[in-house]
Structure formats: C-alpha cells, structure tokens
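Working notes, structure below.
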Amino acid sequence: MEENNSAEFSKLYLESLLQGDRLTCSAISKEYLSINYSITDLYENILKVALYEIGRLWETNKISVAAEHLATAITEGILNELFEQLVSPVRMNKKVVLACVENEQHQVGIKMVADTFEMNGWESFFLGAGIPTNELIRYIHEVEPDFVAISLSIYFNFANLFKMIEKLRLEFNDMPIMIGGQAFKHLSPEMIGKLGKAIYFSDLYLLKKYIEFLNSNQK
C-alpha cells in the first residue's frame, strides 16, 4: 500500500478516535485490511501512529485523560476483534510472557506484541498492565516461557523498568528479555544500554523478523 494511503487512513482513524466513534474506527480498520491484508501494517501504520499522536496530545494537555483512555479502549477493542483471524494454525511449541512495567496502565502496545507472537505460532501469555514484579516472577516460574517481553510507555517510568529487569535477572539469569514501547522515543542509546542484555525492538517489523529467525532455528 502506498505511504500516502496509509497516512490518510491513519488521519481518519485518529479523527474518529478523538470523536470517540468506535464503529467508524472499526470500519476504517476493516477497510484498510481489505486493501492491505497485513495486520502488522495495520498495527504499525494506522493504530500505532494514531495512538502515539493521542499520547502526544495528552502529554501536552491538548486532550483530557478521559479522551486518552477512550481512544485506548477503542483500539484495544479492535485488537480483540482481530484476534481470531490473526492466530497462526501452525504452532511452534514456544511461549512468551508479556507485561507492562509496574505501575503503568498503557497495555495496547504490548498487546500488539503478543499478537505478533501469535501470528508466528507462539503461545502468548498476555498479562497486560498493573502486575507487580513479584507476581510476574511467580508467573514466569509457573509458565517457564522462552521469552519475556516488557513494555514501557511513559519515559519517566524508566527507573521502574530498570528495577524490574534487575529483579528478573537475579531470578532468571539466562531468560531472554525483550523491551519496547513509546517511551523509548525519548530515551538515549546510553540509557537503553543500561538495561544490559535486554533486546530492544523499535517496531513490529523488526520483532516479526526476529521471531521468524527464532522459528527457523527450531525447525
């Protein structure tokens, strides 16, 4: 799909989000998919772009907390609508546990990451927002995943992410950890480097390639 078409869809989606119009947002998503069959493109070029702008408007006090929450809820509802059609019938016998940084409430981004794993045959355990680190550690012991994925949406929660990864490293020294989220747009490479061996993904395309690489090594 041409870039200008994606930009137009993203603009329409953003406008509908700001109006709180879930039906139109859903229709826009379906129309986009009828032209471009890639759910990854929908997530990256339409939903993510619009939500990042919603986040910017909220951070600069251009919209209310209520408007930001509604936009998030509408988009999460659309992700739920798409779930059945995106899950791969070919399963890889691999598991990933996904969560947000402790004390964060923005979980749409990490839900897109969970869906990307499901598209590639992994079993995703999406814990979302609000889970304390100690409970996350307990759950990882229960599930024994191949990867842990953590989302950071608000950059001033970086200290919480750092502490979270430190605790995970003490408990699971060899557990691969991947990180991402809108907050990383505001973080320097030096700050990201402080997170040690955690693997940072800036978008779903890079994540998809990495998962495909992991899958190819299993076959």
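The values are calculated or read from the model by the stated rules, or taken from the named source; none is laboratory data. What you see is a predicted model, and the numbers here were worked out from it, not measured in a lab. So basically every Cβ, Gly included, is an ideal-geometry build from the backbone, and we count neighbours across all protein chains shown. Ligands, DNA and RNA are stripped out before the accessible areas are found, and what is left, the full protein with its side chains, is counted by its heavy atoms. Shrake-Rupley method; radii C 1.70, N 1.55, O 1.52, S 1.80 Å.
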With Cα coordinates, the longest principal axis of the chain makes an angle with the long axis of helix 22-35, in degrees rounded to 10, of 80
Carbon and sulfur atoms account, in whole percent of the 1.4 Å probe accessible area of the range 11-88, for 55
Mind checking the full-extension length gain between D174 and F83? Use 0.36 nm per residue of separation minus the Cα-Cα distance, one decimal, nm. 29.7 nm
Taking a spot 7 Å from the Cα of N93 along the direction of its beta carbon, which residues of the range 112-130 have an amide N less than 20 Å from it? 117-125
Accessible area expressed per residue, the chain, with surrounding protein chains retained (probe 1.4 Å, Å²): 51
Portion, in percent, of the accessible area of the range 95-216 that falls on carbon or sulfur, probe 1.4 Å: 53
What is the Cα centroid distance between the range 136-204 and the range 1-61, reported in whole angstrom? 27
Rounded to 10°, Cα long-axis angle of helix 65-86 versus longest principal axis of the chain: 80
So what's the back-of-envelope 222 nm ellipticity for the chain, counting only DSSP H runs of four-plus at -39500 (n - 2.57) apiece and dividing by all residues, rounded to 500? -17500 deg cm²/dmol
Mind ordering 144-153, 157-166 by average Cβ neighbours within 10 Å, highest first? 144-153, 157-166
What relative contact order, as a whole-number percentage, does the range 97-185 give when Cα pairs under 8 Å and 6 or more residues apart are counted? 36
For the range 164-219, averaging the sequence separation of alpha carbon pairs under 8 Å that lie six or more residues apart and dividing by its residue count, the contact order in percent is 34
Between 0 and 90 degrees, rounded to the nearest ten: what's the tilt of helix 49-59 against the longest Cα principal axis of the chain? 80
For the range 1-71, which chymotrypsin sites (Phe, Trp or Tyr not before Pro) are in a loop by DSSP, counting at most 11 other Cβ atoms within 10 Å? Y37
Most mobile of L57, L14, L79 per a Gaussian network model of the chain (Cα springs, under 10 Å)? L57
Can you list the GluC sites (Glu not before Pro) in the range 1-55 that are in a DSSP coil and have 11 or fewer other beta carbons within 10 angstrom? E2
Please report the net charge: other residues with Cβ closer than 13 Å to the Cβ of E59, K and R +1, D and E -1. +1
First select every other residue whose beta carbon is under 15 angstrom from the beta carbon of N134; then total the charges, Lys and Arg +1, Asp and Glu -1. -1
So which trypsin sites (Lys or Arg not before Pro) in the range 1-65 end up in coil per DSSP with only 15 or fewer other C-beta atoms within 10 Å? K62
State, to one decimal in nm, how far the label point of Y52 lies from the label point of A73, with both points 7 Å from Cα in the Cβ direction. 2.6
